[in-house]
Amino acid sequence: MTESARELARKLLAGNGNGADISGVGNRGGVATAPRPAATAARLTPNAPAARPVRGPGRQFADHPEVAATVAKQAAIAAISAQSGLVNPLFLPRTSPNDTVIHANDTDLVNFSAYNYLGLSSHPRVIAAAKDALDQYGASASASRIVSGEIPLYGQLERRLADIYDTGDAMVTTSGYLTNAGVIGFLLGEGDVAICDALIHGSVVSGTQWAGCRRINFRHNDPESLRAVLRMSRAGFDRALVVLEGHYSMDGTVGRVAELAAIAREFDCAVMVDEAHSFGVFGARGHGIREHYAMAGAEVDIWMGTLSKALGSCGGFIAADAELIGAMKASAPGVAMLTGGPAPSTIAAARAGLEVLEAEPERVARLWRNSRLLHGALLERGLNLGESQGTPICPVIVPGEVRAGFVSATLLQRGVYAGAISAPAVPIGKERLRFFITSEHTEQQLISTADLLAEAVALAAGLPESAAV
């Protein structure tokens with residue numbers, strides 16, 4: 001990084017660069033806000049109403065705190081990128097499938113930013129299935145399933161997912177995020193409560209807001225914390241839903257699902273498990289956290305997962321009691337009712353991905369072998385992996401948003417693509433690079449990446465101290 005770039009970073013972090021305040025002073029949820037417009041900052045007489053700013057066409061949201069903060073942050077990143085000569089890793093233009101190696105900026109990059117755990121998104125069998133469905137059913141379902149007529153692809157995949165989870169039925173959806181939000185929004189309401197792991201995904205938080213229910217968190221992966229919360233609060237609510245994840249996407253920790261579900265049953269709670277990052281990853285056959293813990297399907301009320309990660313397609317699913325699934329298919333807004341069905345090609349691709357998984361379980365074994373290799377190499381080089389448990393999600397903690405971005409940009413310059421994660425997605429001071437390991441990475445790619453990463457983190461240590469806050 002050049003001296004001019006260092007100076008620019010200092011100015012930006014101090015709030016003196018380009019007129020943008022990104023220092024975090026006056027923030028909302030850890031995100032800096034824009035300066036208050038002059039009209040609202042003016043001194044007012046005690047009884048006078050606050051003056052309403054006139055924003056004009058196209059500017060109604062320009063001073064919205066999150067909009068203004070994001071614009072300022074993007075400008076700061078672009079300025080640092082321009083001054084340092086490093087490529088901005090955000091929204092990197094890509095001209096290839098999101099595989100182990102991608103083609104971007106006229107070069108090949110070793111890729112650690114894809115959820116493509118088993119390398120199925122570009123598998124010939126998966127692509128062929130999607131093409132066949134396009135030819136037979138077109139590019140879109142064009143309406144909700146309840147009014148547009150069923151096609152066999154949906155039911156075939158749903159039956160297979162229900163069998164894997166030993167449940168009465170399953171339902172595929174257009175979006176994993178909307179699956180969590182829509183299911184919770186449909187099932188809970190005022191007088192109900194969602195008891196969530198402290199690291200639960202934002203889609204679950206959105207669902208509780210949609211539902212209008214209470215949300216109470218317990219300490220991450222802590223059975224005694226869950227028991228204490230339920231002992232104190234369960235009697236005050238009608239329905240209670242304990243929401244867990246099988247594999248936590250920011251920290252690479254494994255959900256203690258079996259223990260926590262058993263505690264939930266002690267207090268007459270329903271249980272929902274988000275398997276977005278664990279289905280296709282855990283268990284000898286890749287059947288997820290249920291297989292990992294050898295759980296009965298009935299130990300959890302709602303098994304949720306995505307089709308967009310290990311299965312190499314797009315969308316989400318839930319598996320549950322047949323009556324509950326039937327009601328969801330007919331009446332749940334945002335999940336099935338009032339929304340178009342998943343594109344037939346995505347369902348065909350996911351079904352083919354599941355068939356490949358079952359025919360080639362060695363992909364799962366290879367995935368875990370690669371995970372152990374990279375984790376071991378990073379620990380040998382003295383890098384901070386946070387709470388990671390050696391899973392295919394490997395966080396490398398680089399405190400400071402600028403430092404984490406600098407490491408990501410430096411790796412990109414050297415042929416490795418790994419995204420930086422900052423607040424509010426993770427706590428301030430816990431910024432990180434997140435590496436998604438796949439079954440298709442080679443040993444050479446993993447070891448060389450560990451070497452480059454150690455060098456980049458050492459370089460980042462020379463950035464201004466203000467970059468660490």
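What to note about this one:
- Residue list for the range 85-142, filter: outside any loop (DSSP other than H, G, I, E, B), open to solvent by 50 Å² or more (accessible area, probe 1.4 Å), closer than 18 Å to L157 by Cβ and not acidic (D, E): R125, I127, K131, L134, Q136, Y137
- Restricting A332, A322, A284 to residues that are more than 25 Å from the chain's Cα centre (by Cα), of a type in the set (A, V, I, L, M, F, W, C) and closer than 26 Å to A348 by Cα narrows the list to A322.
- Candidates S278, S345 - the one that is outside any helix (DSSP H, G or I) and polar (S, T, N, Q): S278
- Selection over the range 306-352 of residues that are among the charged types (D, E, K, R) and either within 23 Å of V126 (Cα to Cα) or open to solvent by less than 10 Å² (accessible area, probe 1.4 Å) (or both) gives a count of 2.
- Pair list, Cβ under 7 Å, 6 or more apart: the range 288-311 residue farther than 16 Å from A258 by Cβ, other residue open to solvent by 20 Å² or more (accessible area, probe 1.4 Å): L307/S313; L307/C314; L307/T346; S308/Y115; S308/C314; K309/Y115
- Evaluation of D63 against the conditions (1) of a type in the set (D, E); (2) assigned to a loop (DSSP other than H, G, I, E, B); (3) within 26 Å of the chain's Cα centre (by Cα); (4) more than 25 Å from R414 (Cβ to Cβ) shows that the sole unmet condition is (3).
- Any pair with Cβ under 8 angstrom, 6 or more apart, that starts in the range 416-437 at a residue that is over 21 Å from W368 (Cα atoms) and at pLDDT below 95 and ends at one that is part of a loop (DSSP other than H, G, I, E, B) and of a type in the set (D, E, K, R): A420/E431; I421/E431; S422/E431; A423/E431
- Hey, R227 open to solvent by 20 Å² or more (accessible area, probe 1.4 Å), in a helix (DSSP H, G or I) and of a type outside the set (V, I, T) or not: yes
- Scanning the range 202-237 for residues that are of a type in the set (K, R) and closer than 17 Å to F186 by Cβ gives R214, R215.
- Only residues that are in contact with an Asp or Glu (Cβ under 6 Å, 6 or more places away or on another chain) and either closer than 20 Å to N221 by Cα or part of a helix (DSSP H, G or I) (or both) were counted across the range 191-200, and they come to 0.
- Whichever residue in the range 60-84 is in contact with a Leu (Cβ under 7 Å, 6 or more places away or on another chain) and under 20 Å from V416 (Cα atoms) and, among such residues, is surrounded by the fewest Cβ atoms within 10 Å (Cβ to Cβ): I77
- Condition met for A162 (of a type in the set (A, V, I, L, M), surrounded by 13 or more Cβ atoms within 10 Å (Cβ to Cβ), under 28 Å from the mean Cα position of the chain (by Cα) and within 28 Å of T438 (Cβ to Cβ)): yes
- In summary, L452 fulfils each of the numbered conditions (1) free of Cβ contacts under 8 Å to residues at least 60 places away in the same chain; (2) within 21 Å of the chain's Cα centre (by Cα) with the single exception of condition (2).
The values are calculated or read from the model by the stated rules, or taken from the named source; none is laboratory data. Keep in mind it's a predicted model, so treat the numbers as computed, not measured. Neighbour counts are summed over all protein chains in view; Cβ atoms, including those assigned to glycine, are modelled from backbone coordinates with ideal geometry. Side chains are part of the model used for accessible areas, which takes the heavy atoms of the whole protein and leaves out ligands, DNA and RNA. Shrake-Rupley method; radii C 1.70, N 1.55, O 1.52, S 1.80 Å.
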